[in-house]
Amino acid sequence: MRPSHPPRFTLAKRRPRAWITWRGCRCRDDNGHRRTIATRTGHSPQRLPFRFDTGVALFAKRTPRPFPPPFNSPPSASFSDPLSTHNLSRDRRAYVEGELIRGQTNGDDAVYESDYFICANDGVGAWAARPRGHAGLWSRLIIHYWAILVDGAVAHDDLSGEPPVPDPVSALQRAFEQTTEATGKHDWQGTTTACGAQLHYTLPEISNGQGPSPILYVTNLGDCQVMVLRPKDQVVVYKTKEQWHWFDCPRQLGTNSPDSPKDNAVMDQVDLEVGDVVLAMSDGVIDNLWEHEIVDTVLTSIRKWESDTISKDKRDRTGGRNGGMRAAAQELVAAAKTIALDPYAESPFMEHAIEEGLASEGGKLDDISVVAALCIKNDD
């Protein structure tokens, strides 16, 4: 992604690291399987009134670089060493402080999905030209720490009283500080955008027999995008707006950048309905597809999923449940990839570049990442 060189800014000030205890939540492992993460307090995860049914699709413009030490697990030097880890030579999973790093890497992008939180970060690929640069590490670590804090707060929600107000910006700020400390110890440099959506709920002000309502807390810094679709009305309810320093140089978190979540992140609250679809997308999607193309692709995919008569899976497919979000994400990535690889296509990126007086033609080859999430009741 982005500029030919990272922006030259003053180094962001480091802040002390912060931790909170958490009880865990259901999420996906590295192989995409849903599981419940082991918790630090030993309690079971909390159940909110609503949850996400999610799906992920990815396309990397080049093979992701392996994470550097100490965030990987290299084999020992000797096969005869009784403490050898040569049996893990194929284990490419990443760790930080002994804990498996959450999320998935896609080139320089990173994505995360759980029952209550989805996000997409886009690392600035120009750091690959620097000796100590690793944008993919930065994007993944910020997602890791951010997810721990958000999911931990969800696990402590008290459903018997007034729901607490989430603070995803503060969680992102703390994740940024923790990433700065973790990478700073070993001088691994990089920057990344950040965009996430946390599902929560509100209670009616007056007890009138109505139950809780879903609400979405959207946090954005940079030019990834969260978009909320309402399939029953075929409309876009909400989408984030890109933040740029200048064309093709977004606001970003990391080495030498002046941006920080507390100063520059934008947080919006969006009223949801059951059946709404929330998309977290890297700019590899929105640089290659216009809004109406994204909407048409998702709606068409959901209709195909609902009308499938060949599959032997008899689970409810209404609105894209039980696998439809993965199909929608895959359709979006395929559509964006088609434009990205076409040197003669017309694309939003080409249009914006021409508006800036730059010669541009065709799609924009970039990492393409999509997390699609359907808002459903937690008893579905």
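For the range 91-163, what's the relative contact order in percent, using C-alpha pairs closer than 8 Å and at least 6 residues apart? Each step should come with its number before you reach the end.
Numbers: 87 pairs, mean separation 19.9, N = 73.
Computed over the range 91-163, the figure is 27 percent.
Note on the range 255-380: the alpha carbon radius of gyration divided by the globular reference 2.2 N^0.38 Å gives 1.28. Can you tell me how the range 134-239 classifies by the Cα gyration tensor, rounded, prolate or oblate, using a/c under 1.5 as the rounded cut? It is oblate, given that a/c is not under 1.5 and a/b is not larger than b/c. Contact order, relative form, for the range 302-380: 28 percent (alpha carbon pairs under 8 Å, 6 or more residues apart, mean separation divided by residue count). Note on surface exposure: Glu351, Glu97, Glu177, Glu346 rank Glu346, Glu97, Glu351, Glu177 by accessible area, highest first, 1.4 Å probe. Legend: residue pairs Lys61/Lys241; Lys241/Lys364; Lys337/Lys364; Lys61/Lys239, Cα-Cα distance threshold 21 Å; pairs beyond threshold, Lys61/Lys241; Lys61/Lys239. Rounded to the nearest 10 square angstrom, Arg140 shows an accessible area of 20 square angstrom against a 1.4 Å probe. Annotation for the range 179-284: trypsin sites (Lys or Arg not before Pro) lying in DSSP loop with at most 14 further Cβ atoms inside 10 Å of their Cβ are Lys185, Lys232, Lys241. Rolling a 1.4 Å probe over the protein heavy atoms leaves Trp246 with an accessible area of roughly 120 Å². For the range 190-254 and the range 127-142, write down the distance between their C-alpha centroids in whole Å. The two parts, judged by their Cα centres, are 25 Å apart.
Each of His186 and Ala334 was given a label point 7 Å from its Cα along the Cα-to-Cβ line. The distance between the two points is 3.8 nm. Using the Cβ of Arg230 as centre and a radius below 11 Å, the other residues enclosed give a net charge of -3, where K and R count +1 and D and E count -1. Length available on full extension from Glu351 to Gln234: 0.36 nm per residue minus the Cα-Cα distance, which gives 39.6 nm.
Plainly put, the range 210-315 has a radius of gyration that is 1.07 times its Kirkwood radius, both from alpha-carbon atoms, as the Rg/Rh ratio.
Carbon-plus-sulfur accessible fraction, the range 120-208 (probe radius 1.4 Å, protein heavy atoms only): 52%.
How far, in nm, would the chain grow between Arg47 and Lys312 when pulled straight, counting 0.36 nm per residue and subtracting the alpha carbon separation? All intermediate terms of the calculation are to be shown ahead of the outcome.
Values: separation 265, 0.36 × 265 = 95.40 nm, distance 3.00 nm.
Full-extension gain reported as 92.4 nm.
The values are calculated or read from the model by the stated rules, or taken from the named source; none is laboratory data. Since we're looking at a predicted model, the values are computed, not measured. In this analysis, Cβ positions are derived from the backbone assuming ideal geometry, glycine residues included, and neighbour counts consider all displayed protein chains. In case anyone asks, the SASA skips ligands and DNA or RNA and just uses the protein heavy atoms, side chains included. Shrake-Rupley method; radii C 1.70, N 1.55, O 1.52, S 1.80 Å.
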